[in-house]
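The structure appears right after this line, and notes come after that.
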Amino acid sequence: MSRRIVIFFFIVALLLAASFLFYLNPDQVILNYGGKAPIKAPMAMVLISAFLFGGFIVGLVAVFLGIKHQLELWRLERKRKQEQALGKLLTAVREQHALGNHLQAAQMAEKIVAQDPEFEAAWLELSSIVKTMSGDTEALRILERARLKLRSSVPILLRAAEIYEQAGNYIGAYDNLRIVLERFPTNRGALMRIIHAAEALRKIPEAINFQKTLIKQLSGIDYVNGLRHLNQLELLAIKAKHNWQFPDQPSAGLIEDLKAFSQRVRDLDLAWAEYGLAEEARGSDPNQISKLYAKAFHHSENIKHLAAIVRLWLKAHDPSKGINAVKTLIAGMRNTKTEAQIFLANVLANFGMTDEAVKMAEEIIVPANDPSQEQTLGLLKARLALKLGSTDATTRFSEYLKLNPASIPGDEIFSREKAFTTPLIQATDAPAPSLSVS
């Protein structure tokens, strides 16, 4: 049904209703409108007049809103065309920046922001160019100009925080990120950055609160990693509460807190490791401490916990217990054992147990997609070949040995001066086995 037909039927219905009201109300009514003499008219006429007057007012409002809407459409269309033109100019700016013509690119970018002070992308590009040309301070001044124009734009604040963070000014980064989070408390990018800044500033309670807000937005593996980071922050808070760092003597309160925390967060390897360090600093039984480091390794299979076991027993003058404990843990590993086996072979060699180290090195199988471990194993074999007195070892493995003389897992336990030179456990007099290197 067309619009005209609808209007026609509406008017007919209105007239019929008016006629009916005239029939029901033949008498006149008095209408007082504030003048000297009131108006006398039939009720139906009064009702129809009021309806028509209301329709007139509604029509005026509709015309006003229509004109306003049309003007807004014209304004948006004009802005869109301007943005298209400025967008092409911004592309040219980026091209000049990429070509190294920084001064020309900066001048072009300044023209863009002069024409449209609310063009965020142009301000961001200008700050990047100025940072390349004049450094962080000038880039931050550009971003401050942008903030005045854009009323604390989130991308501008995030870029300023990034520059502050790169410059090591975590206070500046923290302050800018706080402004973002005051307006948008769940901004994920700002939360991730402010947590890092808060950690750097040792604002651990604040970092914990921000991390709790962040993990509410995470799921899957991101949630698991976020929860682990939260536990790490809580562990830092415990250490900060007692103002403790290894090897300082720990208080009884710290020991109790670490024990309770490690039992509550059983899967966090660092909790068991810190508990072990505290017990070690207190001078507890090495057997009990070794069990704590073993729990840390069980939950992470990180070889730094194996190194802690070896270091513990080395300090206790019983390195053989450390080696046996490491062997047991490696045998029970769930994932690939390559790195742990290289670690153990290196430790054996440093303890003077060359025969066993050579045998283990020959048995290690490196996954095909792990060139880093292949290189580390080659370096270990190069060292062992030199120790065995291979005549062509120096020439065959010179490239390996130039890489880094302390790049094998386990080197951190021993000083470079003692590594592979002074055996801590005397080797047997059996003939040295041969060593093949792939």
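The values are calculated or read from the model by the stated rules, or taken from the named source; none is laboratory data. Since this is a predicted model, take the numbers as computed values, not measurements. Quick reminder, even Gly has a Cβ in these numbers, built from the backbone with ideal geometry, and neighbours come from all protein chains shown.
Structure notes:
- Unique residue being at pLDDT 95 or above, of a type in the set (S, T, N, Q) and surrounded by fewer than 16 Cβ atoms within 10 Å (Cβ to Cβ) when the list is Asn209, Asn225: Asn209
- Cβ pairs under 6 Å, 6+ apart, first in segment 157-174 and free of Cβ contacts under 8 Å to residues at least 60 places away in the same chain, second among the aromatic types (Phe, Trp, Tyr) and surrounded by 21 or more Cβ atoms within 10 Å (Cβ to Cβ): Gly172/Tyr164; Ala173/Tyr164
- Candidates Leu103, Leu99: the one that is touching a residue at least 24 places away in the same chain (Cβ under 8 Å) and either surrounded by fewer than 16 Cβ atoms within 10 Å (Cβ to Cβ) or within 32 Å of the chain's Cα centre (by Cα) (or both) is Leu103.
- Where Ile342 falls short, out of the listed (1) part of a helix (DSSP H, G or I); (2) within 30 Å of Ser262 (Cβ to Cβ); (3) under 29 Å from the mean Cα position of the chain (by Cα): (3)
- Enumeration of residues in segment 84-136 that are assigned to a helix (DSSP H, G or I) and acidic (Asp, Glu): Glu95, Glu110, Glu120, Glu125, Asp136
- Residue in segment 412-423 that is modelled with pLDDT of 55 or more, out of contact with any Asp or Glu (no Cβ under 7 Å at 6 or more places or on another chain), crowded, with 17+ Cβ neighbours inside 10 Å and under 25 Å from Arg311 (Cβ atoms) present: yes
- In segment 356-399, the residues that are buried (at least 20 other Cβ atoms within 10 Å of the Cβ), at pLDDT below 80 and either assigned to a helix (DSSP H, G or I) or touching a Leu at 6+ places or on another chain (Cβ under 7 Å) (or both): Ala393
- Flag for Val130 being more than 21 Å from Tyr164 (Cβ to Cβ) and either touching a Lys or Arg at 6+ places or on another chain (Cβ under 8 Å) or in contact (Cβ under 8 Å) with a residue 12 or more places away in the chain (or both): no
- Long-range neighbours under 8 Å by Cβ, at least six apart or interchain, first residue closer than 16 Å to Leu177 by Cβ within segment 200-211, second hydroxyl-bearing (Ser, Thr, Tyr) and surrounded by 14 or more Cβ atoms within 10 Å (Cβ to Cβ): Ala200/Tyr170; Leu201/Tyr170; Leu201/Tyr174; Lys203/Tyr174
- Any hit, segment 327-336, residues being among the basic types (Lys, Arg), part of a helix (DSSP H, G or I) and under 39 Å from the mean Cα position of the chain (by Cα): yes
- Arg78 being exposed (fewer than 13 other Cβ atoms within 10 Å of the Cβ), within 33 Å of the chain's Cα centre (by Cα) and at pLDDT below 85: no
- Any hit, segment 292-312, residues being farther than 20 Å from Glu199 by Cα and among the polar types (S, T, N, Q): yes
- Note on segment 242-282: residues that are assigned to a loop (DSSP other than H, G, I, E, B) and of a type in the set (Gly, Ala, Ser) amount to 1.
- Residues located in segment 218-235, provided they are touching a residue at least 40 places away in the same chain (Cβ under 8 Å) and closer than 12 Å to Met192 by Cα: none
- Picking from residues in segment 245-300 that are acidic (Asp, Glu) and under 26 Å from the mean Cα position of the chain (by Cα), the one that is surrounded by the most Cβ atoms within 10 Å (Cβ to Cβ) is Glu274.
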